[in-house]
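Let me begin by presenting the structure, written as structure tokens, before commenting on it.
Each value in this text was obtained by applying a stated rule to the coordinates, not by laboratory testing. Being a predicted model, the structure only gives us computed values, none of them experimental. Don't worry about glycine lacking a Cβ; one is built from the backbone with ideal geometry, like all the others, and counts go over all protein chains shown.
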Amino acid sequence: MREGINPAKLDPYIEKKYYHRIIIPIFIPDFNGYFKNIFEVYKLCLESAWLTQHGKSAITVVNNGSCEEVNQWLNELHKEGKIETLISHSSNIGKVDAILGAARSCREDLITLTDSDILFKNGWQEAVEKVFLNFSKAGSVAPFPISRHLYYYSTSTQKAVVQGKLSFSFEKATVQNLREIEQNYLCYNWSFEKEYDGLLPIVGSSSGKAVLGSGHQIMTVRRDAIFSMPYNPSFIKISSGSESNWIDKPIDDFGFWRLSTIDTMVQHMGNQLTPNNLRTFEFVYKNETNPEPLKLPPFIPKKTSSLLKRMYSKIFRLKFDKRPLAPKLAIQIEQDRVL
């Protein structure tokens, strides 16, 4: 038996409060081995994300089967309002499946998918959003540049350069930016070659500039692009091609441009804090801005054939990239020794 009327029926509409969602997966099963010092890293990640986000954004954390101490910490952050949405899984369902499941339920126009070992600096969100406004077909934007991502699922952007829709040139990174790029490389255990990695592949529109290509450690994705990604679960805990095949490749396949900010707006921390991370965090302050709603340029995704993608990538390389082959990263050299 029902008595009365559900009050929600009298006022049924929901106001859209945010236009930018930040999704952070957390997985700490225990505090042994690899996870020994990682709790402090994740604390800094979430605190810096909360401090630097503007008033039209919100944080979703996906707790992917963490231990009880971590569960309690996340519940407390949720009560404090630092986490707007907390999704909890009793066991690890895999990084990609966790973040895409959360992303598909989002109503925001922009969705940042980030690893939990990222240190956010003030201005990262505004810098990323500016790229989306300046590039009508931007599908993903990373808040730090890596020149080696020029050929990492970036064919649709290369196609735009070949067709003359975007300008292209190589530009040297500033001294400060070069130092920060190198720090991120070293944190990933990558070797840094100044003459190669300090030369950024810059594309230009009538409104601004960005770096061609983006990675997946952290990137902001246009909501439309989320629905170009496979719906079937990966059943992969982490890596093993899951980020590439479920996130990066589909964005490129459907004609979205993959870009990065020119300046380095975040730090990668790894699984233990460094003095440099702590120094950087000292300068992070609360972002009190409350920007106007974002209006992205309209774009209808359309899948490109593999043949056309290969053709445009080859033309791009022949016409615009006269550099020698990229020097191998230290991690690649080590793999060669093993094989």
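Per-residue ellipticity at 222 nm computed for the chain from its helices equals -9500 deg cm²/dmol, with DSSP H segments shorter than 4 residues left out and the rest contributing -39,500 (n - 2.57). Counting other Cβ atoms within 10 Å, which chymotrypsin sites (Phe, Trp or Tyr not before Pro) in region 230-276 have at most 11 and lie in a DSSP loop? Of the chymotrypsin sites (Phe, Trp or Tyr not before Pro), the ones in loops of region 230-276 whose Cβ has at most 11 other Cβ atoms within 10 Å are Y231, F235. Loop sites here are GluC sites (Glu not before Pro) outside DSSP states H, G, I, E and B with no more than 11 other Cβ atoms within 10 Å. The longest part of the chain free of them is 16-287. For region 6-37, the list of chymotrypsin sites (Phe, Trp or Tyr not before Pro) that fall in a loop by DSSP and count at most 11 other C-beta atoms within 10 angstrom reads Y13. Here the calculated FRET efficiency for N37 and E68, from their Cβ-Cβ distance with R0 = 22 Å, stands at 0.75, rounded to the nearest 0.05.
Using a Gaussian network model of the chain in which every pair of alpha carbons under 10 angstrom is joined by a spring, one finds that among S48, S206, S228 the greatest mean-square fluctuation is at S206. When both region 144-193 and region 250-282 are represented by their alpha-carbon centers, they are found 12 Å apart. For region 77-117, count all C-alpha to C-alpha pairs, find those more than 15 Å apart, and express that count as a whole percent of the total. Tail fraction, whole percent: 52. Spread over its residues, the convex hull of the C-alpha atoms of region 15-338 is 147 Å³ per residue. Which of the three applies to region 1-87, rounded, prolate or oblate, going by the alpha-carbon gyration tensor with a ≥ b ≥ c and a/c under 1.5 meaning rounded? It comes out oblate by the Cα gyration axes.
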